[in-house]
Every structure is written in structure tokens, then in C-alpha cells.
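**Student:** Please read through the structure below; I'll follow up with questions.
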Amino acid sequence: MMPGQRLQGCRSLHLNEDNGRFALLAVLIILYLLCGAAVFSAIERPSELRAHGRWNGTLLNFSETFNISLQDLNSFLREYEAAIAAGIRADALRPRWDFTGAFYFVGTVVSTIGFGMTTPVTVAGKVFLIFYGLLGCAATILFFNLFLERIITLLAVVMKAVRERRIRNSGLLPPGIRHDFSAYSLPGWKPSVYHVMLILGLSAITISCCASAMYTPVEGWAYLDSLYFCFVTFSTIGFGDFVSSQGAAYEYQSLYRVANFLFMLMGVCCIYSLFNVISIVIKQVLNWILEKMSCLFCQRCNKANVLLGRRNAIRPGTKGRQSRPPDSDGPCDSDTEGRRLSGEMISMKDLAASNKVSLAIMQKQLSESANGYPRTVCGSSRHNGFSGGVGALGIMNNRLAETSNSR
């Protein structure tokens with residue numbers, strides 16, 4: 001059997017890139033769930049058993065003291081649980097369905113927090129909630145995505161300004177040269193995904209600490225409980241064991257409710273954006289794992305450098321650009337490609353531009369195949385030893401290539 005045939009057969013054993021990433025992520029999530037269940041069961045199960053024992057003892061003592069049967073007592077407790085579901089509490093609480101209470105409710109709906117403290121009980125309310133939540137949740141998710149784009153754009157502007165000031169202070173940039181912050185120059189200054197993750201993480205921690213400092217004296221919670229409430233709320237988990245702004249009256253009530261709304265809005269935006277950025281890092285780790293697992297049982301494929309995760313994200317530990325095949329079309333100066341492999345985020349504008357370039361290259365290849373003459377894109381620069389490089393290095397190599405060809 002020819003070596004090429006063996007290599008082809010080995011490649012056919014590999015999963016598709018997207019399918020492999022999906023299967024690996026599913027397995028890791030299942031393992032993550034199993035580990036989490038084991039940890040929480042070990043931590044919380046003893047406390048649950050003790051609470052059941054105390055409650056059964058209290059129930060039995062109450063039944064014997066007041067001469068009430070356990071069946072009648074349990075029937076009363078079921079009615080009380082139904083009252084709790086309707087929003088009735090022993091302590092005085094704010095009205096659930098006045099305008100401010102309804103506004104609080106729809107805010108938890110569209111943000112997907114869903115505390116569960118307030119729920120519609122009428123048929124009309126439940127039907128309206130289905131259609132209202134369908135549109136509201138979609139619009140809110142779009143808002144969160146646009147918020148993340150604004151953060152990335154702002155960081156790009158700040159990073160470019162800082163770098164330009166540093167270059168000017170070092171004397172490498174002539175004072176007469178000015179660079180604007182136009183949309184044309186911003187794609188080259190996309191911030192690193194790790195920088196965005198760090199900034200969003202610090203912002204979320206700062207907002208959570210400030211919000212907890214407000215909730216602790218106003219709601220009467222412990223500071224750790226306030227931090228727990230902030231994470232559960234900002235991450236839109238929304239258990240409902242702690243819910244803010246539910247008292248009938250507060251000191252400076254209007255100011256507190258406005259601050260509560262602003263903290264929730266900023267916190268949800270930051271945490272949701274942080275989740276998106278962390279998902280990019282997780283995808284990079286999956287690509288790295290897939291690379292290590294690729295062709296595990298075939299040394300020839302390892303020598304041939306068969307990679308699986310090269311399309312949407314970089315792999316951790318990549319320090320240089322992947323070498324391009326000598327017959328590939330495209331511009332000689334691939335600064336964009338080098339930037340893609342440096343851990344930076346990819347905008348939709350860059351993606352659309354790359355798609356246009358790929359379409360043009362495909363049309364050119366079809367035209368050359370039909371006319372019967374070979375492709376000669378950057379051929380002179382690829383055979384004289386001066387090709388490659390990113391940025392200034394790529395420009396210098398191209399200039400050397402032109403000088404070598406002229407001689």
C-alpha cells in the first residue's frame with residue numbers, strides 16, 4: 001500500500017471538526033455535572049437530613065401539644081404552601097401586581113432571571129407571558145451581545161491610543177504623523193480575548209461588591225449572602241431564595257429601587273458578556289485537546305501535522321503562524337492571519353471581508369482552470385526565500401523579494 005493511501009485511510013478515521021468538538025464538549029459537560037452533583041451532595045445532604053429531623057420533631061410536638069392530628073396539620077400546611085405560591089407571607093411585603101411590582105416581574109422575565117417569587121396565576125396571564133417572553137428574551141439577548149461589541153470597540157480605541165502615545169514618547173513615530181480611530185483602522189486593534197475576560201471579570205466583581213454593600217444593611221442579609229444573591233441574579237440563575245426589593249417599605253425607597261435596577265442591569269450585562277468570552281476560551285481549550293487527540297494511534301498522521309481545530313479560534317500555546325502551502329492564493333502580506341492566531345477576537349466585519357476574498361479567489365481559480373493556464377499569485381516572492389512575516393517584517397520581505405527579482 002502506498003504511503004499516501006495509508007495517510008488517506010487514517011484521515012478518514014477522524015471525526016469532523018465540529019462533530020468532534022461537540023462530542024468532546026458533551027462528554028466534558030456530563031463529567032462536570034457528575035462532579036458538581038457529587039460535591040453538592042456531600043456538602044448539602046447532611047444539612048438536609050438534619051432539617052428533616054428537626055421539622056418532624058417540631059411537627060410531632062405541635063400535634064401532641066394542641067391535640068391536632070398529623071393529617072389535619074399537614075392539610076393546613078398544604079394550604080399555607082398554596083398561599084406562599086400566591087405571594088402571601090407572614091411579614092408585610094410589597095404588592096406583587098401593582099405597576100412597580102409588575103415592572104420588576106417583567107424585568108426578571110426578559111432577563112431570564114426568573115426568581116419565582118411572582119408568577120401569573122390566570123390563564124390570560126400565562127398565555128400572554130409565553131408570547132411576551134418569546135420576544136422580550138430575544139431582544140434582551142441581542143442587547144447583551146451589542147453591549148459586548150461596544151466593550152470590545154471601546155477597548156480597541158483605548159489600546160490604540162495607549163500604544164500610539166507609547167510610540168510617540170519613545171520617539172519612533174514622527175510628530176507630524178496622525179492616526180485616526182476610524183472603523184478602517186480599528187480591526188487591526190481588536191483586544192485580546194484574555195484582556196476582555198479580565199476587564200469584564202474585574203467589572204463584575206466590582207459591581208457585585210458595591211451591590212452587596214448596599215443589600216447588606218437595607219435587606220438585612222449577611223455580606224456573603226449578598227454576594228451569593230448578586231452572582232445568582234447577575235448570571236440569570238435566579239433561585240428565588242433571596243430576592244431584593246420585596247419589602248413593603250424601605251428607607252429612601254425610590255432611591256433604593258432605582259439603584260437596585262441599575263446594579264442588576266450592569267451586573268447582568270457584565271456577567272453575560274463574561275460568559276460569552278469564557279466560552280471562546282473553552283473553545284480554544286477544546287481545539288487544543290482535539291489537536292492532542294488527533295491521530296493518537298498513527299505516527300504518520302502526527303508527522304503530517306493533521307490539525308483539527310483551526311477555523312474559529314486559536315489553540316493555547318500557539319506562538320507563531322501556521323505555514324501556508326506554497327500553492328495557496330491570497331495576498332503575500334497576511335497580517336490579518338497572524339492577528340487571528342494571536343488570541344484576538346474576530347468581528348463580523350472582518351468575517352464578511354474574508355468571505356468576499358475567498359469568493360474572489362474561488363472565481364479566479366475557476367476562471368484559470370477554464371482558460372487552461374496556471375496560477376502565478378505571488379509566485380516570485382514564494383520561490384526566492386523572502387516571503388512570509390507579519391506587519392513590518394512582511395513588508396520588508398516583500399521589498400527584498402521585489403529587489404531580488406529586479407536583479
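The values are calculated or read from the model by the stated rules, or taken from the named source; none is laboratory data. This one's a predicted model, so the numbers in the text were calculated from it and none came from an experiment. All Cβ positions, even for glycine, are placed from backbone atoms using ideal geometry, and neighbour counts span all protein chains on display. To get the accessible areas, we keep the full protein, side chains included, count just its heavy atoms, and leave off ligands, DNA and RNA. Shrake-Rupley method; radii C 1.70, N 1.55, O 1.52, S 1.80 Å.
**Student:** If you go through the range 35-72 one residue at a time, how many are more than 42 Å from the chain's Cα centre (by Cα) and free of Cβ contacts under 8 Å to residues at least 12 places away in the same chain?
**Tutor:** Let us first name the residues in the range 35-72 that are more than 42 Å from the chain's Cα centre (by Cα), namely 53-72.
This time we only want the ones that are free of Cβ contacts under 8 Å to residues at least 12 places away in the same chain, so: 53-58, 60-72.
Summing the residues that are more than 42 Å from the chain's Cα centre (by Cα) and free of Cβ contacts under 8 Å to residues at least 12 places away in the same chain in the range 35-72 gives 19.
**Student:** Across the range 12-50, what is the total count of residues that are surrounded by 10 or more Cβ atoms within 10 Å (Cβ to Cβ) and modelled with pLDDT under 50?
**Tutor:** Of the residues in that region, 1 qualify.
**Student:** Now, a different point. Being open to solvent by 60 Å² or more (accessible area, probe 1.4 Å) and either of a type in the set (Asp, Glu) or under 22 Å from ALA85 (Cβ atoms) (or both) is the filter here, so list the residues in the range 229-242 that pass it.
**Tutor:** First pass over the range 229-242, keeping only residues open to solvent by 60 Å² or more (accessible area, probe 1.4 Å): 231, 237, 239, 241.
Of everything in the range 229-242, those that are open to solvent by 60 Å² or more (accessible area, probe 1.4 Å) and either of a type in the set (Asp, Glu) or under 22 Å from ALA85 (Cβ atoms) (or both) turn out to be ILE237, PHE239, ASP241.
**Student:** In the range 251-279, what residues are open to solvent by 60 Å² or more (accessible area, probe 1.4 Å) and under 13 Å from TYR104 (Cβ atoms)?
**Tutor:** VAL258, PHE261, LEU265
**Student:** In the list ILE278, ILE289, which residue meets the criterion of being in a helix (DSSP H, G or I), within 18 Å of the chain's Cα centre (by Cα), of a type in the set (Val, Ile, Thr) and farther than 15 Å from THR140 by Cα? Steps first, answer last, please.
**Tutor:** Numbers: ILE289 fails: within 18 Å of the chain's Cα centre (by Cα).
Of the residues listed, the single one that is in a helix (DSSP H, G or I), within 18 Å of the chain's Cα centre (by Cα), of a type in the set (Val, Ile, Thr) and farther than 15 Å from THR140 by Cα is ILE278.
**Student:** May I pose another question? Scan the range 180-206 and report the pairs whose first residue is farther than 19 Å from SER273 by Cβ and whose second residue is crowded, with 16+ Cβ neighbours inside 10 Å and modelled with pLDDT under 75, with Cβ atoms within less than 6 Å and a gap of 6+ or a chain change.
**Tutor:** PRO187/ASP350
**Student:** Only one of these is open to solvent by less than 10 Å² (accessible area, probe 1.4 Å) and more than 25 Å from PHE275 (Cα to Cα): SER245, SER212, SER226. Name it.
**Tutor:** Details: SER212 fails: more than 25 Å from PHE275 (Cα to Cα); SER226 fails: more than 25 Å from PHE275 (Cα to Cα).
Answer to the selection: SER245.
**Student:** Whether any residue in the range 214-230 is in contact (Cβ under 8 Å) with a residue 12 or more places away in the chain, assigned to a loop (DSSP other than H, G, I, E, B) and either small (Gly, Ala, Ser) or in contact with a His (Cβ under 8 Å, 6 or more places away or on another chain) (or both) is what I want to check. Reasoning before the result, please.
**Tutor:** First pass over the range 214-230, keeping only residues in contact (Cβ under 8 Å) with a residue 12 or more places away in the chain: 214-215, 218-219, 221, 225-230.
Checking which are assigned to a loop (DSSP other than H, G, I, E, B) leaves us with 221.
Then drop every residue that is not either small (Gly, Ala, Ser) or in contact with a His (Cβ under 8 Å, 6 or more places away or on another chain) (or both), which leaves none.
Looking for residues that are in contact (Cβ under 8 Å) with a residue 12 or more places away in the chain, assigned to a loop (DSSP other than H, G, I, E, B) and either small (Gly, Ala, Ser) or in contact with a His (Cβ under 8 Å, 6 or more places away or on another chain) (or both), one finds none in the range 214-230, hence no.
**Student:** Return the residues of the range 83-101 that are open to solvent by less than 30 Å² (accessible area, probe 1.4 Å) and either farther than 18 Å from GLU219 by Cα or assigned to a loop (DSSP other than H, G, I, E, B) (or both); say none if nothing qualifies.
**Tutor:** So in the range 83-101, the residues open to solvent by less than 30 Å² (accessible area, probe 1.4 Å) come out as 83, 87, 94, 96, 101.
Listed by number, the residues that qualify are ALA83, GLY87, ARG94, ARG96.
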